[in-house]
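Have a look at the structure below, then the notes.
The values are calculated or read from the model by the stated rules, or taken from the named source; none is laboratory data. Source: prediction; values computed, not measured. Neighbour counts run over all protein chains shown; Cβ positions are idealised from the backbone, glycine included.
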Amino acid sequence: MAFIEVSSLSKSYNAPGGRLDVLRELDLSVEAGEMVAIVGASGVGKSTLLHVLGGLDQIDTGSVRVGDTSIDRLDDEARVVFRNRQVGFVFQFHHLLAEFTAQENVEMPLFLGGASAAERRARSAELLSRVGLADRAAHRPGTLSGGEQQRVAVARALVCRPALLLADEPTGNLDEATARDLHRLLREMHREHGLTSIIVTHNPALAAACDRIMRLESGRLAEAGRSSPLPAISS
């Protein structure tokens with residue numbers, strides 16, 4: 001049984017001039033442990049699809065299952081629990097809280113989930129060390145580079161040990177060299193943490209490093225390429 005199973009998903013928004021149909025009878029199946037890239041033109045609904053998979057947006061019709069959870073059947077409270085325990089998000093803009101340190105930002109999902117202070121400190125420190133920022137844990141986001149901020153965001157996304165990682169243009173705001181480093185980190189974390197990952201990207205190198213590439217067009221997905229084994233990303 002696939003880890004993610006989406007069937008006949010439709011999603012629309014009310015917009016000036018009438019309803020905007022974004023996703024139309026969309027189907028998607030992702031096996032556990034896959035790393036899938038989703039590409040497509042701006043505005044076709046890639047971010048909307050991630051929001052649906054992560055329980056941030058409700059759907060109009062269809063069904064969405066992640067693991068053993070039918071997301072389309074959850075009430076608001078259950079969706080919050082699902083997001084906190086099962087999903088890690090990384091966005092183009094890191095959305096770190098400026099008034100908190102890097103470590104406090106990483107701890108935040110654990111704090112919201114009710115973890116003890118000792119557990120929060122231990123797990124956040126472990127992940128910051130893994131992403132190469134142990135010496136920056138006490139720094140606030142404004143003193144970190146763009147690449148460092150995104151590494152903090154990756155650590156925060158993984159601190160609750162999610163099964164699913166959703167990344168929306170994670171390198172879109174980075175220079176080429178920093179983006180390359182983040183590519184490598186995402187692949188390493190995907191393998192080490194046994195994740196199922198879906199990455200929306202316009203970056204050809206990041207898309208090519210995934211197991212499959214899916215193209216979103218006219219509200220539906222079609223396979224656009226497959227990479228096996230994963231190609232190396234040169235320094």
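The range 120-235 holds strands (runs of 3 or more DSSP E) entirely within its bounds, and those carrying 1 or more residues that are touching a Phe, Trp or Tyr at 6+ places or on another chain (Cβ under 8 Å) map to 164-168, 196-200. Residue pairs whose Cβ atoms lie under 8 Å apart, separated by 6 or more positions or on different chains, with the first residue in the range 193-212 and farther than 18 Å from Val44 by Cβ and surrounded by fewer than 21 Cβ atoms within 10 Å (Cβ to Cβ) and the second modelled with pLDDT under 90 and among the β-branched types (Val, Ile, Thr), are Ala205/Ile233.
Inclusion of Asn84 among residues that are modelled with pLDDT under 90, under 30 Å from Gly147 (Cα atoms) and not aliphatic (A, V, I, L, M) is warranted.
Each residue in the range 173-189 was checked for being surrounded by fewer than 16 Cβ atoms within 10 Å (Cβ to Cβ) and of a type in the set (Gly, Ala, Ser), and 1 of them qualify.
None of Ala179, Ala102 is of a type outside the set (S, T, N, Q) and modelled with pLDDT of 95 or more except Ala102.
From Gln58, Gln86, grab the single residue that is crowded, with 17+ Cβ neighbours inside 10 Å and either of a type outside the set (Phe, Trp, Tyr) or in contact with a helix residue (DSSP H, G or I) (Cβ under 6 Å, 6 or more places away or on another chain) (or both). Lay out the reasoning, then the answer.
Details: Gln58 fails: crowded, with 17+ Cβ neighbours inside 10 Å.
Residue meeting the stated conditions: Gln86.
Among the residues making up the range 84-115, those that are in a helix (DSSP H, G or I) and touching a strand residue (DSSP E or B) at 6+ places or on another chain (Cβ under 9 Å) are Gln86, Pro109. Selection of the range 112-171 for residues being under 19 Å from Met35 (Cα atoms), surrounded by 23 or more Cβ atoms within 10 Å (Cβ to Cβ) and small (Gly, Ala, Ser) yields Ala153, Ala155, Ala157, Ala167.
Taking the options Glu119, Glu77, Glu104, Glu99, name whichever one is over 12 Å from Ala155 (Cα atoms) and touching a Leu at 6+ places or on another chain (Cβ under 9 Å). Give the steps one after another, and end with the answer.
Working: Glu77 fails: touching a Leu at 6+ places or on another chain (Cβ under 9 Å); Glu104 fails: over 12 Å from Ala155 (Cα atoms); Glu99 fails: touching a Leu at 6+ places or on another chain (Cβ under 9 Å).
Step by step, each of Glu119, Glu77, Glu104, Glu99 is checked, and only Glu119 is over 12 Å from Ala155 (Cα atoms) and touching a Leu at 6+ places or on another chain (Cβ under 9 Å).
Can you spot a residue in the range 136-154 that is in contact (Cβ under 8 Å) with a residue 60 or more places away in the chain and in contact with a His (Cβ under 8 Å, 6 or more places away or on another chain)? Within the range 136-154, one or more residues are in contact (Cβ under 8 Å) with a residue 60 or more places away in the chain and in contact with a His (Cβ under 8 Å, 6 or more places away or on another chain). Has the range 209-230 got any residue that is farther than 22 Å from Arg120 by Cβ, β-branched (Val, Ile, Thr) and at pLDDT 90 or above? Yes, that holds for at least one residue.
Could you list, in sequence order, all residues of the range 56-83 that are among the basic types (Lys, Arg) and part of a strand (DSSP E or B)?
Pass one, the range 56-83, residues among the basic types (Lys, Arg): 65, 73, 79, 83.
Across the range 56-83, the qualifying residue is only Arg65.
One residue stands out in the range 3-41 among those that are of a type in the set (Asp, Glu) and not in a strand (DSSP E or B): the one that is nearest to the chain's Cα centre (by Cα), namely Glu34.
Of the residues Ser63, Ser70, the single one that is free of Cβ contacts under 8 Å to residues at least 12 places away in the same chain and out of contact with any Lys or Arg (no Cβ under 6 Å at 6 or more places or on another chain) is Ser70. If you take the residues in the range 1-35 that are modelled with pLDDT of 95 or more and of a type in the set (Val, Ile, Thr), which one is nearest to Thr69 (Cα to Cα)? Checked the range 1-35; the qualifying residue nearest to Thr69 (Cα to Cα) is Ile4.
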